[in-house]
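Take a look at the structure set out below.
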Amino acid sequence: MKPVIFLISTLLLSASLFSQTNKAKELVKKMTLEEKVNLVVGMGMNMPGMNMGSGPVVGQTTDKVPGAAGTTYAIPRLGIPNTVLADGPAGLRIEPKRKDDTATYYATAWPVATLIASSWDTQLAENIGKAMGNEVKEYGVDVLLAPALNIHRNPLGGRNFEYYSEDPLISGKMAAAVVNGIESNGVGTSVKHYAANNQETNRNTVNTIVSERALREIYLKGFQITIKESQPWTVMSSYNYINGKYASEDYDLLTTILRKEWGFKGLVMTDWFGGKDAVAQMKAGNDLLMPGTAAQKKAITDAVNNGTLDMKVLDENAERIVNYILGSRAYQKYAFSNKPDLKAHAGLVRSAATEGMILLKNEYNTLPLQNNMTVAAFGNTSYAFIAGGKGSGDVNEAYTVSLVEGLESAGYKLDEKVKAAYTDYLDEYNKKNPKKGFIQELMNPTPPAAELDGYKELVQARAGETDAAIITIGRNAGEFFDRKKEGDFYLDEKETDLIKSVAAAYHAKGKKVIVIINAGGVIDVASWRDEVDAILLAWQGGQEAGNAVADILSGKVTPSGKLATTFPVKYEEDATAINFPGKEFPEKATAGMLGMKQTPAEVTYEEGVYVGYRYYNTFNVKPAYEFGYGLSYTSFSYSPVQLSAAEFNGKLTATVTITNTGKTAGKEVVQLYISAPTDKLDKPASELKGFAKTKLLQPGQSQKITFTITADQLASFYTNQSAWVADAGNYTIKIGASSLNIKQTAGFRLPKTIITEKVNKVMMPQVTINERVSGEKKAF
């Protein structure tokens with residue numbers, strides 16, 4: 001009966017969408033040229049007094065939702081309302097307070113995407129999406145400009161916290177789950193930044209030079225998964241050039257691949273002020289130009305009038321926008337409440353954050369901490385925990401629970417003298433560095449406070465009076481700037497000395513030292529990890545982060561997070577370090593948005609497909625902590641893998657039973673990697689092809705996990721054939737607790753080469769690059 005019901009519901013939905021599409025076409029037929037142009041160009045950005053540098057801003061937003069990023073044009077005579085678009089990836093970004101209004105409009109600050117990916121739990125990601133979408137709906141927003149799923153190509157990427165992983169499978173699966181959750185509320189998402197937008201340095205001008213194979217296997221694959229598994233309402237094109245052409249002006253990227261190959265049905269919008277040529281963007285299939293300028297309107301109008309832009313193209317762009325509007329809450333005249341259930345959402349933040357925090361080290365069962373211990377909390381960030389990153393990925397939340405607040409709520413006693421020294425110091429620092437406005441902070445970020453002076457004396461004085469020490473190392477990043485190597489990836493001199501001083505003093509008295517990493521991205525751990533007894537990677541866990549950390553430190557929750565991005569021993573050992581963020585051409589610099597200099601730049605992805613663990617594991621470069629790594633307070637056994645067949649014939653299943661062999665309830669992330677034949681094409685040593693997280697297993701309890709392998713999971717992209725090809729030969733399935741900690745293996749054979757998909761031959765520039773790590777030159 002269920003298949004019949006599903007078929008009927010699918011047919012009814014298809015009929016409804018067909019009717020909506022037809023209505024959109026009819027409405028566009030009734031529009032004047034001016035109305036069509038106004039529709040495809042946004043209504044500007046509500047930033048009074050700001051010189052945006054892209055031509056005059058067209059008016060301001062309607063302020064239906066203050067703090068929203070932009071608004072689409074309304075045509076009242078046709079019943080077409082304004083719709084509202086707002087950031088962002090870690091929660092809805094709107095103004096929390098409004099003029100002449102005593103009410104508050106706070107939104108929930110969710111754990112950052114890197115933490116969500118570290119949970120390896122797609123159901124959790126969907127639940128977060130559902131709650132996010134509820135806030136979007138109840139605050140009157142129509143599209144949330146999220147999720148973001150660019151690849152962690154390099155550890156210093158400024159917006160890596162917004163992105164899920166270095167791996168496209170986990171990125172795509174997580175993003176699809178979040179989209180499905182958000183859009184279940186009848187509001188939209190904008191999957192971004194499409195594509196190869198993996199750095200902030202010169203993001204508007206950098207030309208990403210990348211082979212078609214690497215582009216399709218690494219940088220587009222996550223988007224493909226998301227489109228096929230969630231069909232988001234919108235996609236946001238990225239700022240950068242790809243092989244010499246702006247992403248927002250690239251027909252092959254936006255139409256040939258996105259729409260024709262993947263079947264995307266929604267609209268494409270630019271990132272804010274993205275691209276240069278409004279007419280080229282229309283022709284490429286970039287339907288909506290945000291936030292919109294007068295110059296763009298004039299260019300499109302002139303092009304239609306002089307015949308260089310076919311009206312049919314403009315009509316298609318407008319139809320896709322109208323089709324979106326017809327499905328929006330604004331069109332339905334939804335009476336939004338401005339009262340989402342923030343208390344319930346905070347509870348989900350807390351539980352979700354614990355699922356993605358990762359126990360990196362736990363010598364001598366240092367954790368969990370015993371009850372009623374007196375703890376000395378060192379490090380500025382222990383008292384000013386970082387909920388999430390900066391820029392459009394920031395959220396205006398009502399509060400953030402710090403580490404010390406979380407520990408105190410969990411029943412631990414905080415050493416008052418250490419606490420007073422830090423709080424007084426940070427209060428004084430904040431007085432000298434008052435909070436800036438959003439744009440001012442973006443353009444000129446306030447530097448974090450240096451470590452407290454006099455910490456050595458404090459450490460010596462309190463080591464004998466407390467039971468354990470906790471040190472928090474904090475890092476933050478955001479838009480416009482990538483991170484730096486010194487004092488950011490690597491600890492600064494004071495931080496390094498703090499760890500050594502605390503470790504020496506506490507170890508001399510037989511006491512333990514725990515380090516908490518409160519960061520959105522990767523940092524150095526190898527140079528100092530031997531000094532301490534335990535390390536918890538807390539990431540940036542949203543507004544309840546302090547409580548979530550306390551839940552893990554106390555043992556209330558057993559850690560189950562695993563790395564979705566590699567921690568190298570040294571930054572210089574990463575495959576991309578040699579060319580990130582590329583080279584500049586300062587002699588060609590021009591004035592740009594917000595007075596920032598626009599410097600043409602170029603970055604070549606010499607590593608090809610060997611990004612992250614694909615590089616480290618293939619070329620035997622030992623990382624500090626590998627992709628998929630994470631410890632637990634319990635232990636698990638893996639049964640031998642049972643394959644449904646020894647020879648592949650269309651599909652194959654792999655089954656393994658996981659048993660909790662420890663003394664504590666816990667969850668395990670089960671990872672499936674496949675090693676493929678390499679006689680015809682060089683390939684990574686193994687690639688992630690499936691993952692699952694067990695339920696909470698009690699001691700002695702087991703769970704059977706079954707993975708289904710299909711032909712497309714075996715395929716690599718052959719540029720010379722414009723095809724995805726699964727090579728004949730022997731394959732090895734590797735199931736384990738990380739990409740290096742493989743517990744069980746099994747082999748199968750593919751008797752005959754399969755072309756799993758033939759794709760359109762796109763017009764990639766014919767240039768040759770040295771894909772350094774493979775030692776081969778390849779044309780693309």
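The values are calculated or read from the model by the stated rules, or taken from the named source; none is laboratory data. Quick caveat: nothing in here was measured; it's all calculated off a predicted structure. Cβ: placed from backbone, ideal geometry, glycine included. Neighbour counts: every protein chain shown. We work out accessible area using only protein heavy atoms, side chains counted, and drop any ligands, DNA or RNA first. Shrake-Rupley method; radii C 1.70, N 1.55, O 1.52, S 1.80 Å.
Which numbered condition in (1) open to solvent by 10 Å² or more (accessible area, probe 1.4 Å); (2) in a loop (DSSP other than H, G, I, E, B); (3) out of contact with any Asp or Glu (no Cβ under 9 Å at 6 or more places or on another chain) is the only one that residue 252 fails?
Residue 252 satisfies all of (1) open to solvent by 10 Å² or more (accessible area, probe 1.4 Å); (2) in a loop (DSSP other than H, G, I, E, B); (3) out of contact with any Asp or Glu (no Cβ under 9 Å at 6 or more places or on another chain) except (2).
Could you tell me how many of the residues in the stretch 540-555 are within 16 Å of residue 514 (Cβ to Cβ) and assigned to a loop (DSSP other than H, G, I, E, B)?
Residues in the stretch 540-555 being within 16 Å of residue 514 (Cβ to Cβ) and assigned to a loop (DSSP other than H, G, I, E, B): 1 in total.
Counting residues that are farther than 30 Å from residue 758 by Cβ and out of contact with any Pro (no Cβ under 9 Å at 6 or more places or on another chain), which strands (runs of 3 or more DSSP E) fully inside the stretch 638-744 reach at least 3?
Those strands (runs of 3 or more DSSP E) span 651-660, 669-675, 702-710.
Are there any pairs with C-beta distances below 9 angstrom linking a residue in the stretch 129-148 that is buried (at least 24 other Cβ atoms within 10 Å of the Cβ) to a residue that is among the aromatic types (Phe, Trp, Tyr) and not in a loop (DSSP other than H, G, I, E, B), with the two at least 6 apart or on different chains, and if so which?
What qualifies is 142/324; 143/324.
Residue 88 versus (1) modelled with pLDDT under 95; (2) in contact with a Lys or Arg (Cβ under 6 Å, 6 or more places away or on another chain): which is the lone unmet condition?
That leaves (2) as the condition not met.
If you scan the stretch 116-153, which residues turn out to be assigned to a loop (DSSP other than H, G, I, E, B), among the aliphatic types (A, V, I, L, M) and under 18 Å from residue 176 (Cβ atoms)?
145, 146, 149, 151
Of the residues 427, 453, which is out of contact with any His (no Cβ under 8 Å at 6 or more places or on another chain), open to solvent by 80 Å² or more (accessible area, probe 1.4 Å) and not in a helix (DSSP H, G or I)?
From the options 427, 453, the qualifying one is 453.
Restricting to the stretch 276-321, name every residue that is open to solvent by less than 30 Å² (accessible area, probe 1.4 Å), touching a strand residue (DSSP E or B) at 6+ places or on another chain (Cβ under 9 Å) and not in a helix (DSSP H, G or I).
Hits for the stretch 276-321 are 285, 286, 287, 288, 289, 290, 291, 292, 293.
Can you list residue pairs whose Cβ atoms sit under 6 Å apart, with the first residue in the stretch 653-669 being farther than 13 Å from residue 700 by Cα and in contact (Cβ under 8 Å) with a residue 24 or more places away in the chain and the second being open to solvent by 10 Å² or more (accessible area, probe 1.4 Å) and among the aromatic types (Phe, Trp, Tyr)? Count only pairs 6 or more apart in sequence or on different chains.
654/707; 656/638; 668/636
This table checks each residue for (1) of a type in the set (A, V, I, L, M, F, W, C); (2) farther than 17 Å from residue 84 by Cα; (3) open to solvent by less than 10 Å² (accessible area, probe 1.4 Å).
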| site | (1), (2), (3) |
| --- | --- |
| 323 | no, no, no |
| 331 | no, no, no |
| 350 | no, yes, no |
| 353 | yes, yes, yes |
| 382 | no, yes, yes |
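Of all residues in the stretch 216-249, count the ones that are under 30 Å from residue 592 (Cβ atoms), free of Cβ contacts under 8 Å to residues at least 60 places away in the same chain and in a helix (DSSP H, G or I).
3
If we scan the stretch 747-758, do we find a residue that is assigned to a strand (DSSP E or B), farther than 19 Å from residue 644 by Cβ, of a type in the set (A, V, I, L, M) and modelled with pLDDT under 95?
No, that holds for no residue.
Just to be sure, is residue 622 buried (at least 18 other Cβ atoms within 10 Å of the Cβ) and basic (Lys, Arg)?
No; evaluated as a whole, the condition is false for this residue.
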